[in-house]
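Everything below concerns the one structure shown next.
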Amino acid sequence: MSTKSLDGFLFADMIKSGAASLRDNIKIVNDLNVFPIPDGDTGDNMFMTIDSGAATLTDDRESSVGKVSSQAANGMLLGARGNSGVILSRIFAGIAKGFDGVDSVNVPMFGKAMESGVKEAYNAVSVPVEGTILTVYKDAVRYANNRFTINSSFEDYFDDLLYELKRSLERTPDLLSVLKEAGVVDSGGAGFIYIVEGMKKALSGEIVNEGIQPAAARKNIDLNAFTEDSVLEFGYCTEFLLRLQKSKIDIDSFDLEKLIDWLNSVGDSVVAFREGTVVKVHVHTKKPGDVFNYVQQFGEFLTMKIENMTLQHNETHAQKEFEPKKKKPHKQYGIVSVAAGDGIKETFTSLGCDYVVDGGQSMNPSAEDLISAFREVNADTIFVFPNNGNIIMTAKQAAALYEDANVRIVPSKTIGEGYAAISMLDTTSNDIDAILAEQEEIIAGVVTGMVSQAVRDTEMDGVAVKKDDFIGFVDDKIYIDSENRAETAIGLTEKLDAKRYDIMLVICGFEVDSEEADRVYSELKKAYRRTEIVMIDGGQPIYDYIIILE
């Protein structure tokens with residue numbers, strides 16, 4: 001088969017097939033984790049990002065490759081999670097720019113659009129690091145673009161692209177010493193290869209099955225939770241994407257705030273925003289039919305979803321998720337942070353956070369999750385504390401997409417940095433730049449140690465790590481390995497010379513019981529008599545202890 005022209009129908013199939021191919025290999029990508037603890041999430045982040053784009057491509061398909069690429073790219077921008085997901089979304093955003101206004105493309109046009117993807121992806125990263133997905137994608141595009149001719153087929157182009165993607169991926173450990181030391185290749189680059197492999201299969205009509213979501217993403221719904229005798233108490237969780245139509249309204253004068261006011265009159269938990277000519281809506285209502293009938297006066301639906309919330313109400317997270325939300329009073333400054341674990345989230349709330357987004361390592365929130373939080377805060381200026389280096393890029397992307405407030409990102413990379421910065425946030429000067437500078441100075445003076453269980457044998461930083469041992473580390477540096485979790489935490493404080501600090505916060509993970517926590521506290525008090533030690537039951541996953549030194 002020799003494909004010489006690519007239209008919207010085929011490109012939509014390629015995106016869906018690419019997403020499904022990655023989905024089937026998520027674990028392989030996740031396991032390419034530099035650090036030997038169970039926090040690998042690159043595969044999940046990249047899949048959820050591209051799947052957010054694929055989900056916008058409905059069965060009522062568009063023939064224009066320009067329109068399809070723009071629609072998918074917008075979905076990925078909102079669904080982007082983690083650094084790898086943000087970079088992936090920017091790649092497809094660049095490709096969409098290259099396809100703008102075009103109904104179909106040949107190989108040379110496709111190659112130029114791929115170059116646009118390279119530029120967009122590199123521009124999204126303040127300090128691009130070679131040896132990552134950026135390098136792998138750039139190398140492959142350069143190689144494939146140097147080989148095609150006006151007579152080349154898309155099959156030829158994707159053969160060349162995959163050939164160099166795999167060669168470049170093999171070279172990543174030579175560019176990043178941390179990869180070489182861990183004995184792995186770049187996980188983001190590997191994930192991108194699976195996407196391209198799926199896209200290539202779609203060229204020959206061999207579309208990877210896109211109908212089955214990963215087991216972790218499926219919800220077990222008890223249909224008996226709503227019987228013939230039940231009364232609809234919680235209503236329906238109603239979501240849709242609406243494409244505004246020129247034949248129905250003057251798109252430029254469309255008033256989103258009026259729509260939001262109307263949605264609040266018929267439901268609650270309203271989240272609505274506009275991206276170009278697409279309006280995304282989430283609302284809890286007992287009459288979803290009325291909502292659909294009303295909004296159809298403005299355009300036509302791209303996607304629709306209705307779920308009976310009573311069926312979901314017995315899930316552990318449902319009661320909080322579906323509580324009616326009252327709009328908070330408007331104020332000058334607001335705070336949004338990201339954290340996992342009920343105890344940590346309660347701690348951040350007590351520090352003054354207006355909204356704590358559920359997330360962290362291995363569960364990065366999407367840009368859309370953060371945008372929803374910004375809307376809840378209802379402030380002129382919103383300070384955002386990602387508290388994880390893998391969430392900062394997503395936070396910046398969400399801030400760029402949100403137009404109803406001045407959203408500023410405080411680049412906290414750990415829970416410790418976020419805790420210290422928020423606890424000392426002073427806005428009395430009303431000088432935003434000065435406030436941010438002060439926050440970054442506070443962050444620089446904080447040390448955050450972590451304790452987690454190793455998932456494989458390795459040797460890093462001169463420390464021999466054994467599978468199932470507990471390791472103590474700061475950032476990417478391992479300080480200690482021990483078979484005992486409590487001893488690892490105590491030993492890590494010694495390695496960090498904790499006596500130099502005035503305050504020590506020890507946040508215990510969900511597997512640490514009260515007896516162990518009391519023992520750790522007692523040992524630390526003996527060792528650091530002049531240090532104020534505070535123990536917090538954080539309930540966080542992955543990290544058995546988070547030790548914050550100020």
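The values are calculated or read from the model by the stated rules, or taken from the named source; none is laboratory data. In this text the structure is predicted, and so the values were computed from the model without any measurement. Cβ atoms come from the backbone with ideal geometry, glycine included; neighbour counts cover every protein chain shown. Note: areas computed on protein heavy atoms with side chains; ligands, DNA, RNA excluded. Shrake-Rupley method; radii C 1.70, N 1.55, O 1.52, S 1.80 Å.
Within region 58-95, count every residue that is over 20 Å from the mean Cα position of the chain (by Cα), crowded, with 24+ Cβ neighbours inside 10 Å and not hydroxyl-bearing (Ser, Thr, Tyr).
The number of residues fulfilling the criteria is 3.
I'd like to verify a number: residues in region 117-140 that are more than 16 Å from Phe92 (Cβ to Cβ) and touching a Phe, Trp or Tyr at 6+ places or on another chain (Cβ under 9 Å), how many?
The total comes to 1.
Output yes when any residue across region 173-180 is part of a loop (DSSP other than H, G, I, E, B), of a type outside the set (Gly, Ala, Ser), open to solvent by 30 Å² or more (accessible area, probe 1.4 Å) and at pLDDT 85 or above, and no when none is.
yes
Here are some conditions: (1) in contact with a Gly (Cβ under 7 Å, 6 or more places away or on another chain); (2) within 24 Å of Arg274 (Cβ to Cβ); (3) modelled with pLDDT of 90 or more. Glu62 meets all but one. Which one does it not meet?
If we test Glu62 against (1) in contact with a Gly (Cβ under 7 Å, 6 or more places away or on another chain); (2) within 24 Å of Arg274 (Cβ to Cβ); (3) modelled with pLDDT of 90 or more, just (3) comes out false.
Do you know which residues across region 152-165 are of a type outside the set (A, V, I, L, M, F, W, C), surrounded by 17 or more Cβ atoms within 10 Å (Cβ to Cβ) and over 19 Å from Leu10 (Cα atoms)?
Pass one, region 152-165, residues of a type outside the set (A, V, I, L, M, F, W, C): 152-153, 155-157, 159-160, 163-164.
After this cut, where a residue has to be surrounded by 17 or more Cβ atoms within 10 Å (Cβ to Cβ) as well, the list is 152-153, 156-157, 160, 164.
Answer for region 152-165, where residues must be of a type outside the set (A, V, I, L, M, F, W, C), surrounded by 17 or more Cβ atoms within 10 Å (Cβ to Cβ) and over 19 Å from Leu10 (Cα atoms): Asp160, Glu164.
Collect the residues in region 230-256 that are under 15 Å from Lys280 (Cα atoms) and within 29 Å of the chain's Cα centre (by Cα), keeping them in residue-number order.
Hits for region 230-256 are Cys237, Thr238, Glu239, Phe240, Leu241, Leu242, Arg243, Leu244, Leu256.
List the number of the failed condition for Ala517; all other conditions in (1) within 24 Å of Thr349 (Cα to Cα); (2) among the aliphatic types (A, V, I, L, M); (3) within 30 Å of the chain's Cα centre (by Cα) hold.
Single failed check for Ala517: (3).
What pairs come up if the first residue lies in region 430-455 and is within 30 Å of Gly539 (Cβ to Cβ), the second is among the aliphatic types (A, V, I, L, M) and open to solvent by 50 Å² or more (accessible area, probe 1.4 Å), and their beta carbons are under 6 Å apart, counting only those six or more places apart or on different chains?
Within 6 Å, the pairs are Ile442/Met424.
Go through the residues of region 29-47 one by one and say whether even a single one is within 30 Å of Thr458 (Cα to Cα), touching a Pro at 6+ places or on another chain (Cβ under 9 Å) and modelled with pLDDT of 90 or more.
So far as region 29-47 goes, yes, one or more of its residues are within 30 Å of Thr458 (Cα to Cα), touching a Pro at 6+ places or on another chain (Cβ under 9 Å) and modelled with pLDDT of 90 or more.
Would you point out the residue of region 96-128, among those that are among the polar types (S, T, N, Q) and not in a helix (DSSP H, G or I), that is nearest to the chain's Cα centre (by Cα)? Break it down stepwise before answering.
Restricting attention to region 96-128, the residues satisfying the condition of being among the polar types (S, T, N, Q) are 104, 106, 116, 123, 126.
Next, only the ones that are not in a helix (DSSP H, G or I) stay: 104, 106, 126.
Details: Ser104: 31, Asn106: 33, Ser126: 18 Å.
It comes out as Ser126.
Among (1) under 21 Å from Phe348 (Cα atoms); (2) touching an Asp or Glu at 6+ places or on another chain (Cβ under 8 Å); (3) in contact (Cβ under 8 Å) with a residue 24 or more places away in the chain; (4) not aliphatic (A, V, I, L, M), which single condition is Ser423 missing?
Among (1) under 21 Å from Phe348 (Cα atoms); (2) touching an Asp or Glu at 6+ places or on another chain (Cβ under 8 Å); (3) in contact (Cβ under 8 Å) with a residue 24 or more places away in the chain; (4) not aliphatic (A, V, I, L, M), Ser423 violates only (2).
Gly53 fails exactly one of the following numbered conditions: (1) modelled with pLDDT of 90 or more; (2) surrounded by fewer than 24 Cβ atoms within 10 Å (Cβ to Cβ); (3) touching a helix residue (DSSP H, G or I) at 6+ places or on another chain (Cβ under 6 Å). What is the number of that condition?
Result: Gly53 passes all but (2).
Could you check region 411-456 and list, in sequence order, the residues that are small (Gly, Ala, Ser) and open to solvent by 40 Å² or more (accessible area, probe 1.4 Å)?
If the condition is that a residue be small (Gly, Ala, Ser) and open to solvent by 40 Å² or more (accessible area, probe 1.4 Å), then Ser423, Ser429, Ala434, Ala437, Ala444, Gly445 are the ones that fit.
Determine which member of the set Glu523, Glu483, Glu494, Glu487 is of a type in the set (Asp, Glu), surrounded by 14 or more Cβ atoms within 10 Å (Cβ to Cβ) and free of Cβ contacts under 8 Å to residues at least 24 places away in the same chain.
Glu487
When you go through Thr149, Thr132 one by one, which is the residue that is in contact with an Asp or Glu (Cβ under 8 Å, 6 or more places away or on another chain) and at pLDDT below 95?
Only one candidate passes the filter, namely Thr132.
Restricting the search to region 532-550, which residues are open to solvent by less than 10 Å² (accessible area, probe 1.4 Å) and more than 19 Å from Ala454 (Cα to Cα)?
Matches in region 532-550: Gly538, Ile548, Leu549.
Within region 479-531, work out how many residues are over 19 Å from Ala454 (Cβ atoms) and among the small types (Gly, Ala, Ser).
Total meeting the criteria: 5.
Listed here are the residues, each with its yes/no results for (1) at pLDDT 95 or above; (2) among the hydroxyl-bearing types (Ser, Thr, Tyr); (3) open to solvent by 40 Å² or more (accessible area, probe 1.4 Å); (4) closer than 17 Å to Arg408 by Cα.
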| site | (1), (2), (3), (4) |
| --- | --- |
| Ile335 | yes, no, no, yes |
| Gly341 | no, no, no, no |
| Val357 | no, no, no, yes |
| Asn378 | no, no, no, yes |
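Among the residues of region 109-140 satisfying the criterion of being open to solvent by 30 Å² or more (accessible area, probe 1.4 Å) and in contact (Cβ under 8 Å) with a residue 40 or more places away in the chain, which is farthest from Gly189 (Cα to Cα)?
It comes out as Ala124.
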